[in-house]
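The values are calculated or read from the model by the stated rules, or taken from the named source; none is laboratory data. Treat the numbers as computed from the prediction; the structure is a model and nothing was measured. Cβ coordinates were reconstructed from backbone atoms using ideal geometry, including for glycine residues, and neighbour counts include every protein chain displayed.
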């Protein structure tokens, strides 16, 4: 399973490296989202610093949506899905590989967004461990649910509208917990202690990774 | 127009009796809740909504979602895979949407005088609203035209993904420490904070609402079963018409898979 996951992740990342969709389109979109949020909130630095964690995670959700759509669309080409099924690769490996590829792309985009938040919104990091821990756990959860729903809506004519409708409510806990954890990391939270939120993000990621490993095979059977 | 029956008369009568007992029980709950039980010393007359809100939430968050999730698991498990579980899952989810919406409405009705606002961004309230969106997403997914097996497979996975949200709803009060009061019956110490006539009225509310749910679920299942039979009958009839037009006789064995027998038009739906 792990070897298959490695192969699939490598395949998806190679496709991305050649097409450069994330670098040329998704990354500029992520920065644009941050700028537009700042336009909407005004130049008040205190308000921007207060809202920065929520805006960061909201931007992450938007770019995650694009990354998931991209990840599932590379499998919808003529015969691609059948080819993957016929190759004998373990479906759990396909799921983990695709989730790992999406997670890696998201982490790069999050690094870019973090730089943007620090630069544009005037916040400083007080607790790097909470910041990094919540980002890693949140990204793992987002990728797992994203790949699962990407496969679920793959091949449907209404995929573009259905995917956000299905995905965003499920990942709302990531937005909530990620935002609270980053408020603590930036020192803008009313209360301290980031552990419950980081812990909840870890549980979220673990549950959906396990669910994906179990049910991805059934989704692969769907034409 | 004659009514189309989906199951034997005995079972239909039993289900009607379950529905009737549930509705009468609800009537008694309303009577006891409004006129017999005393007002609460802290919440006053607002407590009367407690006889309705927790039973509705119990059905929405646990019974309906639990049934949909369990049915989805049984559909996905190859050994138990049957169209029955898919029909039961969609029926439970659709009835669950009604109860989740009612949970939100009764919750905001209670929240307005208690918190002073209709919507307080309380964690449990927000999570329940998200749950409603998840349920609507599941139903939207089912509306997308596709092969019955593919649709069932996708819907089963979507139901499982959504069901993971239910524990988050349950524990959100403890995790985020927000405005919503703690659980009255199923709290951490398993020690109900309600007693006497109030406790019995609440218990009656739970039992009655559960019976109403069972009745609604069975009726919705019957509609789904009839829908399936109608689709099958429509297909068989269209095939027979097409063969009659071409002047030929319908082959004895047709179908997508080798060995699959086409249903005879006259026998379908019986």
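With respect to the conditions (1) in contact (Cβ under 8 Å) with a residue 24 or more places away in the chain; (2) in a helix (DSSP H, G or I); (3) within 11 Å of chain B (Cβ to nearest Cβ); (4) over 10 Å from the mean Cα position of the chain (by Cα), residue A:162 falls short on a single one, namely (1). Taking the stretch B:77-196 as the region of interest, the helices (runs of 4 or more DSSP H) fully inside it that hold 2 or more residues being modelled with pLDDT under 85 and more than 14 Å from chain A (Cβ to nearest Cβ) are B:83-115.
Close contacts from the stretch A:34-48, counting a first residue that is more than 14 Å from residue A:59 (Cβ to Cβ) and a second that is assigned to a loop (DSSP other than H, G, I, E, B), with Cβ to Cβ under 7 Å and a gap of 6+ residues or different chains, come to A:45/A:122. For residue B:32, the conditions (1) in a helix (DSSP H, G or I); (2) out of contact with any helix residue (DSSP H, G or I) (no Cβ under 7 Å at 6 or more places or on another chain); (3) in contact (Cβ under 8 Å) with a residue 60 or more places away in the chain all hold with the exception of (2). Taking the stretch A:181-199 as the range and being at pLDDT below 85 and crowded, with 21+ Cβ neighbours inside 10 Å as the test, the residues that pass are A:194, A:197. Output the residues belonging to the stretch A:143-158 that are more than 18 Å from residue A:81 (Cβ to Cβ), within 8 Å of another protein chain (Cβ to nearest Cβ) and in a helix (DSSP H, G or I). Of everything in the stretch A:143-158, just one residue is more than 18 Å from residue A:81 (Cβ to Cβ), within 8 Å of another protein chain (Cβ to nearest Cβ) and in a helix (DSSP H, G or I), namely A:145.
Checking each residue in the stretch B:102-113 for being farther than 15 Å from residue B:63 by Cα and surrounded by 15 or more Cβ atoms within 10 Å (Cβ to Cβ) picks out B:104, B:106, B:107, B:108, B:109, B:110, B:111. Only residues that are under 23 Å from residue A:208 (Cα atoms), at pLDDT 85 or above and over 17 Å from the mean Cα position of the chain (by Cα) were counted in the stretch A:44-89, giving 0. Residue A:3 meets all of the listed conditions (1) within 17 Å of residue A:150 (Cα to Cα); (2) in contact with a helix residue (DSSP H, G or I) (Cβ under 9 Å, 6 or more places away or on another chain) but one, namely (1).
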